[in-house]
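The values are calculated or read from the model by the stated rules, or taken from the named source; none is laboratory data. All values reported here derive from a predicted model rather than from experimental measurement. Cβ: placed from backbone, ideal geometry, glycine included. Neighbour counts: every protein chain shown.
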């Protein structure tokens, strides 16, 4: 199911702590980074913190800049992003600043937590998720019911850990502060457990006064029919490659990327690459990989358009090339229309050959964009 883009935001000491154990909140950032965070807040639809952060920090979670709030209103958005918190037990202080500042608020909780919250006087919509908290259900509700497309998560460490371990985080924005805490009782950003595989990609790194901002995104594909945030990143790249194709009135513009199970990009390609008017995106990408590469068996092919099942320009259609390469997972944004081939069914060919095909229709409009002149 479609979910919001989930951005984790945190600041830590050089030894990985979110705070110390003193009575006052440890300030890890300075004015310039606080302003950067304010800018990020202004760019999202909702901001989420866990119940522990509400109790420890009593945050307001506002967009502080009047100019940024005015820009949101001018764009037809609420002055403030939706404020979201999560509490299994529903033990939240109704006097906290979170409830009495900003715009709309929502609490996600369990059935038992909802009973406590509804009698507590908390000024928020209360959404029970069942007997236990379910992050996927929470994110789907935010997307489908509250219209949230970008979600900023500001803590705490337990929330960040759970979202990463359940492979639900699209981006990590980490600020590294030039100090040490050294107290084993102080809260750390990430807890123990099993995390998503592969190395994260460094998207940005820059100094903000005396702290360093690092932005990372995951790279390891999902498995089988299960999608993870990295699938969205790679499919977005495939759609971007489609936009680079030389224009044609007799063929689609398609982009493709082949990615190993650990998140390593093996190759990419796009339609009519290298001046060949007949080459297809998947064909161009696979031709760059040694056919004996053992990583192909665990790889995923991302294609902006469903791989072709029939073609006149080459003896082997792309669905067959993928099967021949030993790839057993394909992620695509758009099923092939009948523009050139009636009842094309690359998905059926791939499935019959044992390859899982995952359709992510939320990317279809982006995949169709360079082909608008071909389809009604």
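From 38, 93, 33, grab the single residue that is assigned by TED's automatic domain parsing to the domain that holds residue 208, in a loop (DSSP other than H, G, I, E, B) and either within 20 Å of residue 174 (Cβ to Cβ) or out of contact with any strand residue (DSSP E or B) (no Cβ under 6 Å at 6 or more places or on another chain) (or both).
93 is the lone residue from the list that is assigned by TED's automatic domain parsing to the domain that holds residue 208, in a loop (DSSP other than H, G, I, E, B) and either within 20 Å of residue 174 (Cβ to Cβ) or out of contact with any strand residue (DSSP E or B) (no Cβ under 6 Å at 6 or more places or on another chain) (or both).
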Exercise for review: State all residues of the stretch 140-156 that are modelled with pLDDT of 95 or more and either touching a helix residue (DSSP H, G or I) at 6+ places or on another chain (Cβ under 9 Å) or assigned to a helix (DSSP H, G or I) (or both); if no residue qualifies, say none.
Suggested key: 140, 141, 142, 143, 144, 148, 149, 150, 151, 152, 153, 154
Check your understanding: Which residues, taken from the stretch 27-59, are surrounded by 15 or more Cβ atoms within 10 Å (Cβ to Cβ) and over 25 Å from residue 210 (Cβ atoms)?
Key -> 44, 45, 46, 47, 48, 49, 50, 51, 52, 54
Check your understanding: Can you tell me which residues in the stretch 86-103 are within 14 Å of residue 48 (Cα to Cα) and either under 25 Å from the mean Cα position of the chain (by Cα) or free of Cβ contacts under 8 Å to residues at least 40 places away in the same chain (or both)?
Key -> 86, 87, 99, 103
Point to revise | Selection count where residues are at positive phi and touching a strand residue (DSSP E or B) at 6+ places or on another chain (Cβ under 9 Å), scope the stretch 148-189 | key: 2
Review point. Taking the stretch 60-75 only, how many residues are buried (at least 16 other Cβ atoms within 10 Å of the Cβ) and assigned to a loop (DSSP other than H, G, I, E, B)?
Key: 3
**Study point:** helices (runs of 4 or more DSSP H) within the stretch 258-376 that include 2 or more residues touching a residue at least 24 places away in the same chain (Cβ under 8 Å) and crowded, with 22+ Cβ neighbours inside 10 Å
**Key:** 281-286, 318-325, 346-352
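Look through the stretch 104-123, keep the residues that are within 30 Å of the chain's Cα centre (by Cα) and either in a helix (DSSP H, G or I) or at pLDDT below 95 (or both), and return whichever of them is surrounded by the most Cβ atoms within 10 Å (Cβ to Cβ).
That would be 113.
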Review point. In the stretch 11-26, what residues are crowded, with 19+ Cβ neighbours inside 10 Å and under 24 Å from the mean Cα position of the chain (by Cα)?
Key: 11, 12, 18
Check your understanding: Across the stretch 44-76, what is the total count of residues that are out of contact with any strand residue (DSSP E or B) (no Cβ under 7 Å at 6 or more places or on another chain) and more than 20 Å from residue 96 (Cα to Cα)?
Key -> 12
